[in-house]
Amino acid sequence: MHSDNRSPLALKLAAFGGLVFLLAPIALIFLYAFSTEEKSFQWPPPGYTLKWIGVTLGRADVWEAMALSVKVAAISTTLALILGTLTAAAVARSKFFGRETISLLVILPIALPGIITGISLRSAFSLLDIPFSTWTIVLGHATFCIVIVYNNAVARFRRTSGALIDAAMDLGADGVQTFRLVILPNIATALLAGGMLAFALSFDEVIVTTFTAGNQTTLPIWMLEELVRPRQRPVTNVVAMAVVLVTVLPILAAYYLTKDGEHTAGSDK
């Protein structure tokens, strides 16, 4: 008997409507980045121009905010890759008292509202007399970046058969050789995907940054200030367009890197 797997028309229309609802505001950002009108949002835009890209590239404040965002995201991602991977290895490959509690505590920061994390960190920095700097922003971002890397790494560790590690040890490999030649090749794509996601989330984070940045200005904070006191509205849209691209591209890359990693490596050994 032939089975018709086609979706109902109503379901297709609902899915299309949901996509339009989600993507239409983003499309407007791209559209107004090329508008000839710089003081208001007219619909439709009175004309289109490429001049705002050049104006944005010439703004020193944009480059300073961009550099700080990239620096913070890079350092936060590096810390997350190290700490997240080590934590994932301990939770996935070892059995000890309180393992599930530790796993819960590791993922808790991403479940909490950003404003709670931000207030908590700001209070802690104040109590410890830690001056606000790039490193306080990094510490704030690392709280959720570690979770992203941990989730990717622990899932891949659990899909990697322990037989591979046992076989390497039986053949005379030491711990470093086993990690470099057996474990790392099996978890590399998961770590790369986790790092890309962590970088993207750190790059566009605004709530935690607001509480931990002090007087420093990352790109999302710069955008908020420009929306409150705009000088050239299209410049803000050009920057927002760049942030969307920088955020979306790593997420897409992470998706394609991890979609084929559902089998258990070494399960047939």
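The values are calculated or read from the model by the stated rules, or taken from the named source; none is laboratory data. These figures come from a predicted structure and were not determined experimentally. Note: ideal-geometry Cβ built from the backbone for every residue, glycine included; neighbour counts use all protein chains shown. Each accessible area value is taken on the protein alone, full model and side chains, heavy atoms only, with ligands, DNA and RNA left out. Shrake-Rupley method; radii C 1.70, N 1.55, O 1.52, S 1.80 Å.
Return yes when T136 is under 16 Å from the mean Cα position of the chain (by Cα) and not aliphatic (A, V, I, L, M) and no when it is not. It is false that T136 is under 16 Å from the mean Cα position of the chain (by Cα) and not aliphatic (A, V, I, L, M).
Those residues that are crowded, with 19+ Cβ neighbours inside 10 Å and either under 13 Å from F144 (Cα atoms) or out of contact with any Asp or Glu (no Cβ under 7 Å at 6 or more places or on another chain) (or both), I need them from the stretch 207-220; list them, please.
Our first condition is that a residue be crowded, with 19+ Cβ neighbours inside 10 Å; within the stretch 207-220, this holds for 208-209, 211-213, 218-220.
Within the stretch 207-220, V208, T209, F211, T212, A213, T218, L219 meet the criteria.
Here is a list: A74, A60, A67, A33. Which entry is at pLDDT 80 or above and either closer than 30 Å to I107 by Cβ or open to solvent by less than 50 Å² (accessible area, probe 1.4 Å) (or both)? Before you say what the answer is, go through the steps one by one.
On the way: A60 fails: either closer than 30 Å to I107 by Cβ or open to solvent by less than 50 Å² (accessible area, probe 1.4 Å) (or both); A67 fails: either closer than 30 Å to I107 by Cβ or open to solvent by less than 50 Å² (accessible area, probe 1.4 Å) (or both); A33 fails: at pLDDT 80 or above.
Result: A74 is the single residue among A74, A60, A67, A33 that is at pLDDT 80 or above and either closer than 30 Å to I107 by Cβ or open to solvent by less than 50 Å² (accessible area, probe 1.4 Å) (or both).
Screening the stretch 122-143 for residues that are open to solvent by less than 20 Å² (accessible area, probe 1.4 Å) and aliphatic (A, V, I, L, M) and picking the one that is nearest to T218 (Cα to Cα) gives I137. Going through (1) in a helix (DSSP H, G or I); (2) in contact with a helix residue (DSSP H, G or I) (Cβ under 7 Å, 6 or more places away or on another chain); (3) modelled with pLDDT of 80 or more one by one, L245 falls short only on (2).
Go through I146, I110, I115, I119 for me and flag whichever is among the aliphatic types (A, V, I, L, M), part of a helix (DSSP H, G or I), within 20 Å of the chain's Cα centre (by Cα) and surrounded by fewer than 16 Cβ atoms within 10 Å (Cβ to Cβ).
On the way: I146 fails: surrounded by fewer than 16 Cβ atoms within 10 Å (Cβ to Cβ); I110 fails: surrounded by fewer than 16 Cβ atoms within 10 Å (Cβ to Cβ); I119 fails: within 20 Å of the chain's Cα centre (by Cα).
Going through I146, I110, I115, I119 in turn, just one is among the aliphatic types (A, V, I, L, M), part of a helix (DSSP H, G or I), within 20 Å of the chain's Cα centre (by Cα) and surrounded by fewer than 16 Cβ atoms within 10 Å (Cβ to Cβ): I115.
Restricting the stretch 162-206 to residues that are exposed (fewer than 15 other Cβ atoms within 10 Å of the Cβ) and either modelled with pLDDT of 85 or more or part of a loop (DSSP other than H, G, I, E, B) (or both) leaves a set whose member that is nearest to the chain's Cα centre (by Cα) is D174.
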